[in-house]
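Bear in mind these aren't lab numbers, they're just calculated from the coordinates by the rules spelled out. The structure presented is a predicted model; accordingly, all values stated were derived computationally and were not measured. Ideal geometry is used to build each Cβ from the backbone, glycine not excepted, and the neighbour counts take in all protein chains shown.
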2 protein chains.
Amino acid sequence: MESIIWHNNSLKILDQTKLPLQKEYVLCKNHKDVINAINTMQVRGAPAIGVAAAFGIVLGSNELDTDNIKEIKNHLQKIKENLKNTRPTAVNLFWALKRMEHLWKNNNYNNVQMLKKELENEAVKIFEEDIRLNRLIGKNGFNLIPQNANILTYCNTGALATAGFGTALGIIRMAKKNNKKILVYACETRPLLQGARLTVTELMDEGIEVKLITDNMAGYLMKQKKVDLVIVGADRICSNGDVANKIGTYSLAVLAKHHKIPFYVAAPNSTIDYNLGNGEDIVIEERNPEEIRSIFNNRIVKEEVRVYNPAFDVTPNNLIDAIITDKGILRFPYNNSINNIRKE
Amino acid sequence: MESIIWHNNSLKILDQTKLPLQKEYVLCKNHKDVINAINTMQVRGAPAIGVAAAFGIVLGSNELDTDNIKEIKNHLQKIKENLKNTRPTAVNLFWALKRMEHLWKNNNYNNVQMLKKELENEAVKIFEEDIRLNRLIGKNGFNLIPQNANILTYCNTGALATAGFGTALGIIRMAKKNNKKILVYACETRPLLQGARLTVTELMDEGIEVKLITDNMAGYLMKQKKVDLVIVGADRICSNGDVANKIGTYSLAVLAKHHKIPFYVAAPNSTIDYNLGNGEDIVIEERNPEEIRSIFNNRIVKEEVRVYNPAFDVTPNNLIDAIITDKGILRFPYNNSINNIRKE
């Protein structure tokens, strides 16, 4: 399944809110459609959001019928801010927008058409790079998976969360390709059930054995020695190795530590926020309470019920056994290992 | 809300699968209706199941139109086995049935009418006792709640899970009555959402401040110091203090230990299985995978998705700071403290 398709100047985004029961692509005609797709989580997953935002800029560049380069740059600047304000936690969004911004800020395009072409090239490059980096993550990480492995994973970190292939799921996929025998326990990942709806579907499509559990079963599974390792993705990695990821990740890391089970994070280097010293400074998005009060538009509790709905949490570096990136496997102390790959 | 109503030889059970959006009572005309209500979790919660089963015996005693005492005793024996086989984990079911069985086994009723009357009296006694014991639990436990308390609770342990008042929620209720300022975080409790549907409703009805969270948020909440204590119910307590309770309880206990937050269990003494040495011997019920594949009959994932659905887990005694019973507060080492109340 392809999460994002760019073809003939048109962007199609797979509506992940409807998976797995319906497979529908949303046509994004302009940057506002992309903003809507990110806000409603039709496209989600840190790397995929970054790629979608980059194409949002490309669509935005076509919104003005002008040859005035200043006018178009002003427009792009506004669009960029709007795209940036969709979701606060995952850093790949900001990273991708900054790469796009670089083209109109630092290069002196005087020709609108040329700038537009370069923007498209850059977005396609971000897209293709993401797949390439995911494959590198897979290659770097699959040896951490034992020959017969029961793996617990969380949320969705597969092709759907990225431009393709996947981060944590990419490693699992690569391990499978290297003939390792694998059983994955996929946590359903409330409230939006990305684990149940997306991860289970991707793994079954790949012929990888998978069992669905509710999030609250993870500890009991570990206690029964049914889990050899935990592997998750990341939405933002600080320079000290603290990791923001889907709400519930932190609980899994504590449970893994208690049971002496390795806890791994997989992400492309674009997920590292070198400027952020530690996890306390990460802005955690709080989403609409209705995401918890209703499931698939079916009301569970009354509207007046008060809800706390943070979309992410932060796992401190001391609970993480390794961070697997396209640039290699990072280990504690992460300040050093992250600083080393920054220099590359 | 009353979970179980016995009136004029008729049993009405509140259908908890439909709460909070619909409030419907199911009329149980015979013991098979009670079996169905327990199996489908129209009635749930260890103490409430015990009470319902006792009335199932009473209804069963009226199923035969005979004066033959032997015939009726044989019938009751069969019914008892069937009621016993509904759910394997909570011990109150077996405890209540044993109390009922005692009447036709050890006492020499020769008169069918007299036995029937005694059975009804005993069931009503079990019902009334449960409420009385719950109040004692509340009285014994409420001093463990600080003056301004943020309390995390799990599943439903209120009036709905019992004949009335509740165990863990009973303590919270009693603390509120004693003018303590309380905010409860209620974990939704997947898959059947007893926390979201039942606990939130009960607390709001009582005017106790409550916020709903998904189960995977508990760790992050603790990390933010938003939780002062955790209090849960129990389905079976072993003689060493190991506790079987709703799946997810164990994870909360590990998380509480990691964050140095007190973890309390509340239950009537009928939940203690004095004959079971430790939690490893507790049979953990596995329920229908459809409970996870669908929510309120709305399919989330396809039918072919493999699911692991244990209904309970076991929390070892060393993660439990106190077990609050009608007979007092039990502390580690539980072998001693539990043995002491057995003798009473």
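Between B:Glu280 and B:Asp205, what is the label-to-label distance in nm when each label sits 7 Å out along the Cα-to-Cβ direction?
4.2
Treating cross-link reach as a plain straight distance, find the lysines whose alpha-carbon is under 17 Å from the alpha-carbon of A:Lys343, omitting any fewer than eight places away in the same chain.
Once the sequence-local lysines are set aside, what remains near A:Lys343 is A:Lys327.
Can you give me the convex hull volume of the Cα atoms of the stretch A:68-116, divided per residue and expressed in Å³?
61
About its Cα centre, how strong a charge dipole does the stretch A:183-224 have in debye, to the nearest 20, once Lys and Arg get +1 and Asp and Glu get -1 at the Cβ?
240
Amide H of A:Val307: which non-local residues (sequence gap of 5 or more, or other chain) have their own amide H closer than 5 Å, using H built in the peptide plane?
Distant-sequence amide H within range of A:Val307: B:Leu212.
Let a ≥ b ≥ c be the square roots of the eigenvalues of the Cα gyration tensor of the stretch B:203-258; is it rounded (a/c under 1.5), or, if not, prolate (a/b larger than b/c) or oblate?
It is oblate, given that a/c is not under 1.5 and a/b is not larger than b/c.
Can you compute the FRET efficiency between A:Lys98 and A:His7 using 1/(1 + (r/R0)^6), with r the Cβ-Cβ distance and R0 = 25 Å? Round to the nearest 0.05.
Using R0 = 25 Å, I get an efficiency of 0.45.
Find which of B:Ala37, B:Asn179, B:Pro316 sits farthest along the positive direction of the dipole of the protein assembly as shown, computed with +1 on the beta-carbon of Lys and Arg, -1 on that of Asp and Glu, about the Cα centre.
It is B:Pro316.
Short version: ³J(HN,Hα) in whole Hz for each residue of the stretch B:83-88, in order, from phi by Karplus 6.51 cos²θ - 1.76 cosθ + 1.60 (θ = phi - 60°), x for Gly and Pro, what are they?
Karplus-based 3J(HN,Hα) across the stretch B:83-88 equals 5, 4, 7, 5, 9, x Hz.
Kindly give the distances from B:Lys29 to its copy-mates, label point to label point, with each label point 7 Å from Cα along Cα→Cβ, as nm values to one decimal ordered shortest first.
So the label point of B:Lys29 gives 6.1 nm to the other copies.
Mind checking which aspartates and glutamates have their C-alpha under 20 Å from B:Lys139, skipping anything on the same chain fewer than 8 residues away?
B:Glu128, B:Glu129, B:Asp130, B:Glu202, B:Glu206, B:Asp228, B:Asp321, B:Asp326, B:Glu344
Using modelled amide H (1.01 Å from N, peptide plane; none on Pro or chain starts), what sits under 5 Å from the amide H of B:Ser294, excluding residues fewer than 5 places away?
B:Ile300
Between A:Phe332 and A:Leu183, with labels modelled 7 Å along Cα→Cβ, what's the label distance in nm to one decimal, could you check?
2.9
Assuming a ≥ b ≥ c are the square roots of the Cα gyration tensor eigenvalues, decide whether the stretch A:32-151 counts as rounded (a/c under 1.5), prolate (otherwise, with a/b larger than b/c) or oblate.
Verdict is prolate for the stretch A:32-151.
Got a sec? How would A:Met114, B:Met174, B:Met100, A:Met1 order by Cβ neighbour count within 10 Å, fewest to most?
Ranking A:Met114, B:Met174, B:Met100, A:Met1 by Cβ neighbours within 10 Å, fewest first, gives A:Met114, A:Met1, B:Met174, B:Met100.
To check you understand DSSP bridge types, tell me what percent of the beta bridges within chain B (both residues inside) are antiparallel, rounded to 5.
Restricted to chain B, the bridges split so that about 50 percent are antiparallel.
Say each of A:Glu128 and B:Gln147 gets a label point 7 Å from the Cα, pointing the same way as Cα to Cβ; how far apart are those two points in nm?
Once both label points are built, they end up 6.8 nm from each other.
Please say if the stretch B:138-224 is rounded, prolate or oblate, where rounded means a/c under 1.5 for a ≥ b ≥ c the square roots of the C-alpha gyration tensor eigenvalues, and otherwise the choice is prolate for a/b larger than b/c and oblate otherwise? Mind dumping the intermediate values first?
Numbers: a/c = 1.90, a/b = 1.18, b/c = 1.61.
Because a/c hits 1.5 or more and a/b fails to exceed b/c, the stretch B:138-224 counts as oblate.
Got a sec to turn the phi values of the stretch B:278-283 into Karplus ³J(HN,Hα) couplings, 6.51 cos²θ - 1.76 cosθ + 1.60 with θ = phi - 60°, whole Hz, x for Gly and Pro?
Karplus-based 3J(HN,Hα) across the stretch B:278-283 equals 7, x, 5, 8, 6, 6 Hz.
Give, as a single signed number, the net charge of other residues whose beta carbon lies under 14 Å from the beta carbon of A:Val283, with Lys and Arg counted +1 and Asp and Glu -1.
Details: positive: A:Lys84, A:Arg87, A:Arg236, A:Arg287; negative: A:Asp235, A:Asp242, A:Asp273, A:Glu280, A:Asp281, A:Glu285, A:Glu286, A:Asp313.
Every neighbour counted, the sum reads -4.
To make sure I understand, if each residue's beta carbon is the centre and we count other beta carbons within 10 Å, what order do B:Asp130, A:Asp205 fall in, fewest to most?
Numbers: B:Asp130 26, A:Asp205 12.
If I rank by nearby Cβ atoms, fewest first, I get A:Asp205, B:Asp130.
Would you calculate the volume per residue, in Å³, of the smallest convex hull containing every Cα atom of chain A?
Each residue corresponds to 135 Å³ of Cα convex hull volume.
Placing +1 at every Lys and Arg Cβ and -1 at every Asp and Glu Cβ, with all other atoms neutral, what dipole size does the protein assembly as shown have around its Cα centre, in debye to the nearest 20?
In total the dipole reaches around 860 debye.
What are the lysines whose alpha-carbon lies under 21 Å from the alpha-carbon of B:Lys117, with same-chain residues fewer than 8 places away excluded?
Leaving aside lysines fewer than 8 places away in the same chain, those within reach of B:Lys117 are B:Lys12, B:Lys29, B:Lys32, B:Lys70, B:Lys73, B:Lys78, B:Lys80, B:Lys98, B:Lys105, B:Lys125.
Can you pull the mean other chain C-beta count within 10 Å for peptide B:155-167?
Mean number of neighbouring Cβ atoms from other chains: 0.
If the only charges are +1 at each Lys and Arg Cβ and -1 at each Asp and Glu Cβ, what is the size of the charge dipole of the stretch A:155-215 around the Cα centre, to the nearest 20 debye?
Dipole about the Cα centre, nearest 20: 200 debye.
Along Cα→Cβ at 7 Å, what distances in nm separate the B:Tyr308 label point from those on the other copies, shortest first?
For B:Tyr308, the inter-copy label distances come out at 2.8 nm.
Specify which residue in the list A:Val243, A:Tyr274, A:Ile261 is farthest towards the positive end of the charge dipole of the stretch A:240-292, using unit charges on the beta carbon of Lys, Arg (+1) and Asp, Glu (-1), about the Cα centre.
About the Cα centre, the residue reaching furthest to the positive side is A:Ile261.
For the protein assembly as shown, give the share of DSSP beta bridges that are antiparallel, in percent and rounded to the nearest 5; count only bridges with both residues there.
45
Would you work out which of B:Leu330, A:Phe55, B:Asn216 lies farthest towards the positive end of the dipole of the protein assembly as shown? Charges go on Cβ: Lys and Arg +1, Asp and Glu -1.
Farthest along the dipole direction, towards plus: B:Leu330.
Fewest first, what order do B:Glu304, A:Glu128 take by the number of other Cβ atoms within 10 Å?
Ranking B:Glu304, A:Glu128 by Cβ neighbours within 10 Å, fewest first, gives B:Glu304, A:Glu128.
Tally Lys/Arg at +1 and Asp/Glu at -1 over every other residue whose Cβ is under 13 Å from the Cβ of B:Gly328; what's the total?
Working: positive: B:Lys139, B:Lys327, B:Arg331, B:Arg342, B:Lys343; negative: B:Asp326, B:Glu344.
Summing Lys and Arg as +1 and Asp and Glu as -1 gives +3.
If you add up the charges near B:Leu221, with Lys and Arg at +1 and Asp and Glu at -1, over every other residue whose beta carbon is less than 10 angstrom from its beta carbon, what do you get?
Result for the local shell: +3.
Which distances, in nm and shortest first, link the B:Asn148 label point to the same label point in every other copy, taking 7 Å along Cα→Cβ?
Ordered by increasing distance: 5.5 nm.
What list of ³J(HN,Hα) couplings, whole Hz, do you get for the stretch A:291-296 from phi and the Karplus terms 6.51, -1.76, 1.60, once you set θ to phi - 60° and write x for glycine and proline?
Rounded to whole hertz, the list is 4, 9, 5, 10, 10, 6.
Treating each Cα of the protein assembly as shown as an identical point scatterer and ignoring solvent, apply the Debye formula and state log10 I(q)/I(0) at q = 0.09, 0.10 Å⁻¹.
Summing over Cα pairs of the protein assembly as shown leads to -0.78, -0.92.
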